[in-house]
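So the structure is just underneath, and the comments pick up after that.
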Amino acid sequence: MPVLQSFCEWLQNTAVGSFISGSTWAFPTIETIHVFALVIVVGTIAIVDLRLLSVASRNRSVSQLSNDVLPITWSAFCLAAVTGGLMFSSKAVSYLNNWPFRLKMVLLVLAGLNMVYFHFMTYRTVHKWDDAARPPSAARFAGALSLTFWIGVVVFGRWIGFTVR
Amino acid sequence: MLAQVAQFCDWLSQTPISMTFQSVVWVIPMVQSVHILAIAIVMSSVIMVDLRLMGLMGHTQSISGLARRFLPWVWWSLLVLLVTGAVLITAEPRRDLLNPVFQAKMALLVVAMAVTAIFQTTVARNMEMWDLSPQKRAGAWVTAILSLLVWTAIVGCGRWIAYVEHG
């Protein structure tokens, strides 16, 4: 897509992009914050997913657990998105053409769609199964999908570092 | 001492198992991914307990209940981290063992494990103790802050191993 290509060329030549790529400490620092944020995103999502799969926190209601955990997830996600965007801006064209990066973005979108479907469809009836140790199959399926997608996001995210030029 | 460590690194990197890890392209990225996933479990479990200790989250559940629910995940994940970490050291001994950031990470890890173990046994012995008095609530705050800082520093060191130039 030429539009994306020229956007990336513009992005990596902005003051922010060229500062990060020209500095010795900026990228590792941003990456460290990214790792800190992403482990919290993935770990807290796993807490909810494992509850949906009735593996853990079985005596805690799904809605209470979500209310406790998801504000932490969203705060960390914002941090991960900002730091991820900053890293992207340092070498935008290279990332755009990197297949683990592309797969990671696809998996992020899939994880988002799964979450939206779960929230607006499956979760509407949560009052019926909030305290059930074993939630209905649609909820268990959403939990399994979410875990799979997020594990994939981590794997491909790590793979970017080994393949991007 | 340092010379012996360097010698050990050179011996280890010549062993067949190390050479296999070095030559199979996917070993290091895959093992690092599993390492990060285990860190995700540790950090999220620690945060769940520490935010409750600080009174910032989950008022409807007891500290001891949260500790019982989440701290076993920390110890089991640490086992995974030990195994995957050992694979990464075997693959690139000099990168880690001679690296001052790696050494700092290991020292911090000892502190973090001690804080977690002491907290866990204290809570197990007296389930209500954190709510007994203002002093003890202040103790809960200090424990939580210390735990969060040390675990975060460990994650930071882990990433900086890759960037520090050393012997």
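Among the residues of the range B:154-161, is any within 19 Å of B:V49 (Cα to Cα) and modelled with pLDDT of 95 or more? Write out each step before concluding.
To start, the set of residues in the range B:154-161 that are within 19 Å of B:V49 (Cα to Cα) comprises B:154-155.
So of that shortlist, the ones also modelled with pLDDT of 95 or more come out as B:154-155.
Yes: the range B:154-161 contains one or more residues that are within 19 Å of B:V49 (Cα to Cα) and modelled with pLDDT of 95 or more.
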Point to revise | Close pairs (7 angstrom Cβ cut-off, 6 or more residues apart or separate chains): more than 10 Å from every other protein chain (Cβ to nearest Cβ) in the range B:65-79, surrounded by fewer than 21 Cβ atoms within 10 Å (Cβ to Cβ) anywhere | key: B:A67/B:Q120; B:L71/B:Q120
Review point. Taking into account only those residues within the range A:43-71 that are of a type in the set (D, E, K, R) and crowded, with 17+ Cβ neighbours inside 10 Å, which is nearest to the other protein chains (Cβ to nearest Cβ)?
Key: A:D68
Practice item. Could you pull out the residue among A:V55, A:V16 that is over 20 Å from the mean Cα position of the chain (by Cα), outside any helix (DSSP H, G or I) and modelled with pLDDT of 95 or more? Key: A:V55
Revision key, fill the gap. (1) surrounded by fewer than 19 Cβ atoms within 10 Å (Cβ to Cβ); (2) of a type outside the set (A, V, I, L, M); (3) under 19 Å from the mean Cα position of the chain (by Cα) all hold for B:S44 apart from (1)
Exercise for review: Looking only at the range A:13-36, decide whether some residue is touching a residue at least 60 places away in the same chain (Cβ under 8 Å), at the interface with chain B (Cβ under 9 Å from one of its Cβ atoms) and more than 30 Å from A:W129 (Cα to Cα).
Suggested key: yes
Review point. Which residues, taken from the range A:83-131, are among the hydrophobic types (A, V, I, L, M, F, W, C) and touching a residue at least 60 places away in the same chain (Cβ under 8 Å)?
Key: A:L86, A:M87, A:F88, A:A92, A:V93, A:L96, A:W99, A:F101, A:V126, A:W129
Practice item. List every residue pair whose Cβ atoms lie under 9 Å apart, where the two residues are 6 or more positions apart in sequence or sit on different chains, the first residue falls within the range B:8-26 and is closer than 11 Å to B:R94 by Cα, and the second residue, located anywhere, is of a type in the set (G, A, S) and outside any loop (DSSP other than H, G, I, E, B). Key: B:L12/B:S18; B:S13/B:A91
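Using the structure shown, decide if B:V164 is in a helix (DSSP H, G or I) and of a type outside the set (D, E, K, R). First the steps, then the outcome.
Details: in a helix (DSSP H, G or I): no; of a type outside the set (D, E, K, R): yes.
Here the answer is no, as B:V164 does not meet what is asked.
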Review point. Here are B:A117, B:A153, B:A91: which of them is more than 30 Å from B:V25 (Cα to Cα) and either within 12 Å of another protein chain (Cβ to nearest Cβ) or out of contact with any strand residue (DSSP E or B) (no Cβ under 6 Å at 6 or more places or on another chain) (or both)?
Key: B:A117
Check your understanding: Among the residues of the range B:12-21, is any within 11 Å of chain A (Cβ to nearest Cβ), within 21 Å of B:I161 (Cβ to Cβ) and out of contact with any Pro (no Cβ under 7 Å at 6 or more places or on another chain)?
Key -> no
Check your understanding: Here are some residues: B:V24, B:V42, B:V49. Which one is within 22 Å of B:L109 (Cα to Cα), out of contact with any Gly (no Cβ under 9 Å at 6 or more places or on another chain) and within 14 Å of chain A (Cβ to nearest Cβ)?
Key -> B:V49
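Condition check: within 30 Å of B:G158 (Cβ to Cβ), among the polar types (S, T, N, Q), over 24 Å from the mean Cα position of the chain (by Cα) and at pLDDT 95 or above. Does A:S6 satisfy that? Before the answer, list the steps.
On the way: within 30 Å of B:G158 (Cβ to Cβ): no; among the polar types (S, T, N, Q): yes; over 24 Å from the mean Cα position of the chain (by Cα): yes; at pLDDT 95 or above: yes.
No.
The values are calculated or read from the model by the stated rules, or taken from the named source; none is laboratory data. Everything numeric here is computed off the predicted structure, so don't read it as measured data. Don't worry about glycine lacking a Cβ; one is built from the backbone with ideal geometry, like all the others, and counts go over all protein chains shown.
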